Structure formats: structure tokens, C-alpha cells
1. Quick one: with all protein chains in place, what share of the accessible area of segment 299-443 is carbon or sulfur, to the nearest percent (1.4 Å probe)?
2. Among 115, 423, 411, pick out the residue whose Cα is farthest towards the positive end of the charge dipole of the chain, where Lys and Arg carry +1 and Asp and Glu carry -1 on C-beta, about the Cα centre.
3. Students often check this: by mean Cβ neighbours within 10 Å, which of 405-411, 358-364 ranks highest, and how do the rest follow?
4. Give the aspartates and glutamates whose C-alpha is closer than 20 Å to that of residue 73, dropping any in the same chain fewer than 8 places away, or say none.
5. On the protein heavy atoms, probe 1.4 angstrom, tell me the percent of accessible surface of segment 185-262 carried by carbon and sulfur.
6. Using +1 on the beta carbon of Lys and Arg, -1 on that of Asp and Glu, and nothing else charged, what's the dipole of segment 64-182 about the Cα centre, debye to 20?
7. Take every DSSP beta bridge with both residues inside the chain and express the antiparallel ones as a percent of the total, to the nearest 5.
8. Are there GluC sites (Glu not before Pro) in segment 225-295 that DSSP marks as loop and that have at most 15 other Cβ atoms within 10 Å, and which are they?
Amino acid sequence: MNTESRSSLSSRSAAPAFDLVLFGGTGDLAMRKLLPALYRRFMDGLIPADARILGVARSELSCEAFVTKVEAKCRQYLGDAFKDDVWTGFSALLGYVKVDATHAQDYQALSHALAGRADIVRIFFLSTGPDLFAAICRELSAAGIVTPTSRIMLEKPLGEDGESANRINDTVGAIARESQIYRIDHYLGKETVQNLLALRFGNALFEPLWRRGQIRHVQITVAEQLGVESRGDFYDRTGALRDMVQNHLLQLLCILAMEPPANSSADAVRDEKLKVLRALRPIGEADALLKTARGQYRSGVVGADRTVGYREEAGVDPESRTETFVAIKAEIDTWRWAGVPFYLRTGKRLQRAIGEIVITFEAVPHSIFSGPFNADPPNRLVIQLQPDESITLRILAKAPGEAMRLRPVDLSLDLGESFKARPLEAYERLLGDAIQGNLTLFMRRDEVEAAWKWIDPIREAWDADHDGPRPYAAGSWGPTTSSSLIARDGFTWYDETF
């Protein structure tokens, strides 16, 4: 098995020498997530002293000015983790090259910066809008700087629909093999998502229960309190369905629902995820309005702050029909999951910022306990992805006293408290895996195609619906149509049960 296909469920191995070229190197993602993640890896001794990290952007900056900007952002986002002595070593790896992604002549400067190091791992991280992916790849190829050891990392969203995603994949595929292409979904880098794999496939306890007849329904929620912030123009062209569901939520669904892979290699895992995507029951115009709910936030109160509505945000069309909230009932047509609904939900300006998976098991077939204090709530497994990472199993136990009164009790695993070691941040892990050539946590082209094939008909059905997204107050849990969607099956959202 070659190094491109090996799995890595640990990214704490020392890295080989590499050059990382960060397109969009002065942008928000680079400064807020990527460069601090690389700093952490360097601090842990996982980046060799002969590695280089080149920021690339169209800004007229000197190398010194770029390093100063990175230092300020690392101090801001790393807080107490920032150490002056570590920064001295890390900053020596940094460089900057001015490149306008659409100007062919600018790539000669990049070629010059990379000269003499063609035999080491070369990573091109495209932290730009997807409309620039194809142009960057064409110019990289024309400049002759894509080597057999190069790897291309693509930030989401990959296109705006299946057709545009295929065009991007065709262009990238023309200059690199599939084993050199790393399509990012940062949710797959979260520690709790890795623990979901361990929970399912490393323990004999849960796998026999992981199926129809044992599980009643599944909820996946990724809720944000933030609005669109400074991304109004981008978000108004994208919306929650393409920004969150097509990648993050569908990938979480795949890990929850996939069959046990033969081994932990990249292709074995991704083969099983692909089967789930292909087994999703299509949602077309006939049932889109029954199986989906979409909303757009209006003004309201989030926490203690009064916020403006989506249409008042900078960069947003005052007549926008873009959804900021989505709820979907997904069904998987396989023997394991037939009849088990999966409810997906995501949105901005919601009541709490949380990412969680809630698995509700079937009730016992016959309860031997009776009385007003012995209600029979189902067992639940709650996997929290953010803000804290934990796994909680809710069971029934006898409350103290003479009477046989049952009460729910939570068996909780706080990952931070249990393992003490600092968990890897999502991008920290994914960057490490890409440097080491581990593809397990990245999406393969056929996965992307299958996801868009399921998403595109929903988008088309919404475009034909003249009513548009339903309004909801900022600080709520979304439009009332979301509660109606799940209530039709006799369920409620997990947060509504408190």
C-alpha cells in the first residue's frame, strides 16, 4: 500500500520536509485557523526546521510585513498558547509571494521561490473562493510547478452545484492524480468525529444496536449564534444548504450510517461513505416542501444582544431569498436503515451555538414498571461536537428511596477530562494528514458527485417555490416549519425536550 492511500487515525507523527503554498494567505481562514494550526504543530515538534510555509495573495506585502501580520493574528487567536521562543522558530519558516491568481506572469515568482526543492512534498492549499480553483490549477500546471509529490488541498464549498463541481474536479484532475487531491471538510477533523468511528467500530457494545429495530431516529444539528459577519456577499450566493448540508452534515450522516469498512485505509472508509450517499432517497419537487424546511433570520435578540435581520447585513441583497436555516428529513434505503429517519438541521442566529448528534433508541418492548413516576423515556446517545466535545448515554436508573421510581441518568465521557492531552484542532489534524499523505478524512471525487446529486433537486424545488424561506426571529430555533417537519413523525427536536 503506498503512502497516498494509508490511513492515519493519529496525526502526531513527525512530518517530512515540505513546502506549503497557502493561496489566500492573507485571508480570514488562513489567519484565524490555518496559520495558528501550523504554529501548534510546530510547537509540538511535528514540523521540521527545513519546512517552508509560503503565504500567497494579491496584496502588495513584503515578507516582513506578512510575518508581522501573522504574528499579530497568532497572538490573538492562540492566546496563552503563544510563546515568544516558539514564534522565533516558526516565523523563520514563513515567506510571502505576491500572486494574483488570474495573472499568469505572477506564477513565475512562485516558481522562483520553489526552485531547487522539487524532490520534497509540495502542498498547494487553495483557501480561496471556488471560482478561482480552476484558474489557479491551470496556472500552476502552466508554470511547471506541480510535481509528482505535490498535493492540492481544496477548501469547501466545491462549486455551487453538481455541474460546477464537476468542472472544478475536471480541471484539478487534469494536473493531479486523485490520490494527490485533498478535498476538505473540516468537520471530519474534529476529535469527536474520530471518536464516533472508535465508538462504532472499536467496541462490541454498540454495533449490534446500530440499525433499524433498535434505533428510532437520528438528529444531526449544527447551530450557530453568529450571523454572516463579513461574509454577506459570499453567503448570499451560497446559502445554508450548499454551505453546510452538502458537505458537513452529509459527511456526518455518512459516518453514522456507513457499514463497517474492511479496514481503516482511506479507500475502504470512503467506499462505505459513498454507498450511504448513493442510498439516500431522492427529494424532488413533489415532496421537497414536506421533507425540508428553510428559513431566513429576521432581527431579534441573541444572548444579550439585539441583532439585525439577514437582509440588513452588509453585502446582502435587501430582497434576498437565500436561506440561513435548513432542516431536512433524510431517509436511507438500505436493509440497515430502512424506516429510520435522519433529521438534519443547521442555521445561523439560532438560540445556542452547538453541534451535536442525537441517537434515540427504541423503547423497551414491555415495561414492568408502572406509576406516575415511571415514565418511559427512550435511551439516547448524545455526541456533542462543539463547543465542548463529549459523549453522553442516557439510561434509566432507580432513584433513591423505598419506591421503585425510575429517573434518567447520564453516563458521560468528557474527552478533554478523560485523556488530559490537548486534542488536535480540526485544521491542525487535516493539515498534518495532508502533509503525511493520509487521505482518510478527505472527500473523494465520487463522494462529492453523489452529494451534489442529492442536493441539486432540493435546490431546484426551492427555486420553483415562490414563497421562499420562512422568517424566524434571531435567537430562536428557526422557523415553525422546522418543528412541524419532525412533529409529523411524532418526534421533537432534542433541544425542545428540555
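1. 55 percent
2. Farthest towards the positive end: 411.
3. On the way: 405-411: 13.4, 358-364: 17.3.
Put in order of decreasing packing, that is 358-364, 405-411.
4. Filter leaves 28, 44, 60, 64, 84, 85, 229, 425, 428.
5. Of the solvent-accessible surface of segment 185-262, carbon and sulfur hold 51 percent.
6. Dipole magnitude for segment 64-182 comes out near 280 debye.
7. 55 percent
8. Answer in residue order: 229, 285.
The values are calculated or read from the model by the stated rules, or taken from the named source; none is laboratory data. All values reported here derive from a predicted model rather than from experimental measurement. Methodologically, a virtual Cβ is constructed for each residue, glycine included, from the backbone with ideal geometry; neighbour enumeration extends over all protein chains shown. Quick note on the areas: whole protein, heavy atoms, side chains included, nothing else; ligands and nucleic acids left out. Shrake-Rupley method; radii C 1.70, N 1.55, O 1.52, S 1.80 Å.
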